[in-house]
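Asks: Take a look at this one; I'll ask things after.
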Amino acid sequence: RMMDHVADRLVFITENEEKNVRKLGATTSGNVIYNPVAIGFEQLTGYKQLYPDRRFKVCCLSNYSWIRGIDRFVEVAQVLKRQGRTDVVFVVAGNMQLPSNLPGDLGEIASRGGDLSDYAKSKEVSEMFVFLGHVNDPDRVLFGCDVVARPSRIGNPWGREILEGMMLGKAAIALGTYQGFVINDETGFLLANYSPESFAARITYLADNPAIVRQLGASAK
């Protein structure tokens, strides 16, 4: 409600944000203005480290945080490995250092100064990951992958990596219910609830159907 005292007008990046702020009691008028995504990627080339790898590439472009759910990719990788789907690789760009307040195995690894690559190794799926660390040209990482994914723990399927991936013609797999960008079966797959099996099923479906990948990617763009 403090917004009503210090702001003359509000700007929201999606209708979902406006709804949440209104629930908190804010009455100041405002508009929804979506985050812009630059065009002009026609001259991009894929990230050179990804060229030799012919596996189906799932892109995650974000620094680690618990709410972003990036560690969930390790669970998904475990499912894929049990299914014999080692033709899938998760390409992770960003700082994957784990904060010390995480629960369970993640917290234990964090207490030893470990990062997400150490967690993947402890779960015996490190071969299914490419950890790039911080990159100066993340658009090239997106360009060199097949799909972009976001397993958020708070159900917001519209992060920058999703928007920029869509602009590059990449289908998206995300968690949440807001269909302003990721439209289920149209621009990708939108899962209302998380399970590693359901996430893995969407990945393998796309890996087995390149024509569908192209179709969803074109709609996303």
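Asks: Hey, of [x] -0.43, -0.52, -1.30; [y] -0.39, -0.47, -1.32; [z] -0.34, -0.42, -1.42, which did the structure itself give for log10 I(q)/I(0) by the Debye sum over Cα atoms at q = 0.09, 0.10, 0.18 Å⁻¹ when calculated?
Replies: Only one option fits the structure, namely [y].
Asks: Moving on. Ordering R85, R22 from largest to smallest accessible area (1.4 angstrom probe), what's the sequence? Before the final figure, lay out the partial values.
Replies: Working: R85 45, R22 75 Å².
Heavy-atom accessible area, descending, gives R22, R85.
Asks: How large is the helix-only mean residue ellipticity at 222 nm for the chain, computed as the sum of -39500 (n - 2.57) over DSSP H runs with n ≥ 4, divided by its residue count, in deg cm²/dmol to the nearest 500?
Replies: -9500 deg cm²/dmol, from helical runs alone.
Asks: OK, next. Check F56: other-chain or 5+ apart residues with amide H under 5 Å from its amide H, H built from backbone geometry?
Replies: Amide H neighbours of F56, under 5 Å, 5+ apart: V88, V89.
Asks: In terms of modelled amide H atoms, which long-range or inter-chain residues lie less than 5 Å from the amide H of L175?
Replies: R150, S152, L191
Asks: Please identify the cysteines of the chain that lack any partner cysteine with a Cβ under 4.7 Å from their own Cβ.
Replies: C60, each lacking another Cys Cβ under 4.7 Å.
Asks: With a/c under 1.5 counting as rounded, go ahead and sort region 125-204 into rounded, prolate or oblate using the C-alpha gyration tensor (a ≥ b ≥ c being the square roots of the eigenvalues; past the cut-off, prolate if a/b is larger than b/c, else oblate).
Replies: oblate
Asks: For D185, what accessible surface area do you get with a 1.4 Å probe? Give it in Å², rounded to 10.
Replies: Solvent-accessible area, nearest 10 Å²: 100 Å².
Asks: For region 77-221, what does the accessible surface come to per residue with a 1.4 Å probe? Please give it in Å².
Replies: Value returned for region 77-221: 43 Å² of accessible area per residue.
Asks: Report ³J(HN,Hα) in whole Hz for each residue of region 145-161, in order, from the Karplus equation J = 6.51 cos²θ - 1.76 cosθ + 1.60 where θ = phi - 60°; Gly and Pro get x.
Replies: 9, 8, 9, 10, 9, 8, x, 4, 7, 10, x, 10, x, 9, x, 4, 5
Asks: Something else: I'd like the Karplus ³J(HN,Hα) series for region 202-208: coefficients 6.51, -1.76, 1.60, θ = phi - 60°, whole numbers in Hz, and an x wherever there's a Gly or Pro.
Replies: So the J values, rounded to whole Hz, are 5, 5, 5, 4, 5, 4, 8.
Asks: Same structure, new question: Under 5 Å between amide hydrogens, which residues at least 5 positions from N184 or on another chain qualify, with H placed 1.01 Å from N in the peptide plane?
Replies: L190
Asks: Heavy atoms only, probe 1.4 Å: what % of the accessible area of the chain goes to carbon and sulfur, would you let me know?
Replies: Working: 5550 of 11270 Å².
The value for the chain is 49 percent carbon and sulfur by accessible area.
Asks: Would you rank F181, F199, F143 by solvent-accessible area, highest first, keeping every protein chain in place and using a 1.4 Å probe?
Replies: Largest to smallest exposure gives the sequence F143, F181, F199.
Asks: Residue by residue through region 96-106, what is 3J(HN,Hα) from phi via Karplus (6.51 cos²θ - 1.76 cosθ + 1.60, θ = phi - 60°)? Round to whole Hz and write x for glycine and proline.
Replies: Result, rounded to whole Hz: 9, 5, 8, x, 6, 9, 7, x, x, 4, 4.
Asks: Separate question: What is the calculated FRET efficiency for S100 to E124, with r their C-beta to C-beta distance and R₀ = 30 Å, to the nearest 0.05? All intermediate terms of the calculation are to be shown ahead of the outcome.
Replies: On the way: r = 24 Å, r/R0 = 0.80.
In this case the efficiency is close to 0.80.
The values are calculated or read from the model by the stated rules, or taken from the named source; none is laboratory data. The model shown is predicted, which means the values in this text are computed figures rather than measured ones. Cβ atoms come from the backbone with ideal geometry, glycine included; neighbour counts cover every protein chain shown. When the accessible area is computed, the model is the full protein with side chains, heavy atoms only, and any ligands, DNA or RNA have been set aside. Shrake-Rupley method; radii C 1.70, N 1.55, O 1.52, S 1.80 Å.
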